1. For a quick check of your reading: which strands (runs of 3 or more DSSP E) sit entirely within segment 1-100 and have at least 2 residues that are modelled with pLDDT of 95 or more and crowded, with 19+ Cβ neighbours inside 10 Å?
2. Can you tell me which of 112, 89 is within 24 Å of residue 150 (Cα to Cα) and under 13 Å from the mean Cα position of the chain (by Cα)?
3. Scan segment 101-125 for residues that are within 22 Å of residue 23 (Cα to Cα), surrounded by fewer than 12 Cβ atoms within 10 Å (Cβ to Cβ) and touching a residue at least 24 places away in the same chain (Cβ under 8 Å) and report the count.
4. Given the conditions (1) in contact (Cβ under 8 Å) with a residue 60 or more places away in the chain; (2) out of contact with any helix residue (DSSP H, G or I) (no Cβ under 6 Å at 6 or more places or on another chain); (3) under 21 Å from residue 54 (Cβ atoms), and given that residue 76 satisfies all but one, which numbered condition is not satisfied?
5. Just need a number here: residues in segment 9-21 that are without any contact (Cβ under 8 Å) to a residue 60 or more places away in the chain, over 17 Å from residue 123 (Cα atoms) and in contact with a strand residue (DSSP E or B) (Cβ under 7 Å, 6 or more places away or on another chain).
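The values are calculated or read from the model by the stated rules, or taken from the named source; none is laboratory data. The structure displayed is predicted, hence computed values, not measured ones. Glycine also receives a Cβ, built like all others from the backbone with ideal geometry; neighbour counts cover every protein chain displayed.
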């Protein structure tokens, strides 16, 4: 499946922390220049640049992870050609518990790690595409609530796709749950929503 896609991202560093601003996933045969799908997830996790340059001044080829495989499956099922992934936080950290602690550290140091921060409005305006389908899939941990609410306010998506946790207005399940059947269910539900609209 991965051979059907070209994956690129913008990687940067600040005060020793590793970040990714965005990730673009395109079908190899597409010539469209603007994303036809926007996705907001938790953080870049284990994503890394192919060339190993963590502090780059330009977009570079990226190694996709299993979560991005889920997005690729949805794209193939829904005949979408170009997804852009933004994250609640740009911080690259694969372990959730370490990630939550590092967020506190970043905020204490005044590092703006979320593209949805008010002082990153220019970044957001350059990367966000209006009037295309939007998938929310950042997870349901309470640590994420302030960032999730900020993202929802910024992008103002009227009809986002995602699986919302019962009795919440912000907690959208992650695309890659630990149980395989739930992973399949996520792809199936999101595909059905996209195809029915």
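1. 5-14, 17-27, 37-41, 82-87
2. 89
3. Number of matching residues: 0.
4. (3)
5. Counting residues in segment 9-21 that are without any contact (Cβ under 8 Å) to a residue 60 or more places away in the chain, over 17 Å from residue 123 (Cα atoms) and in contact with a strand residue (DSSP E or B) (Cβ under 7 Å, 6 or more places away or on another chain) gives 0.
So that you can scan it fast, the table gives a plain yes or no per residue for (1) more than 18 Å from the chain's Cα centre (by Cα); (2) on the phi < 0 side of the Ramachandran plot; (3) not in a loop (DSSP other than H, G, I, E, B):
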| residue | (1), (2), (3) |
| --- | --- |
| 157 | no, yes, no |
| 169 | yes, yes, no |
| 177 | no, yes, no |
| 187 | no, yes, yes |
| 193 | yes, yes, yes |
| 197 | yes, yes, no |
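Listed here are the residues, each with its yes/no results for (1) touching a strand residue (DSSP E or B) at 6+ places or on another chain (Cβ under 7 Å); (2) more than 16 Å from residue 96 (Cα to Cα).
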position: 138; (1), (2): yes, no
position: 144; (1), (2): no, no
position: 148; (1), (2): no, no
position: 169; (1), (2): no, yes
position: 182; (1), (2): no, yes
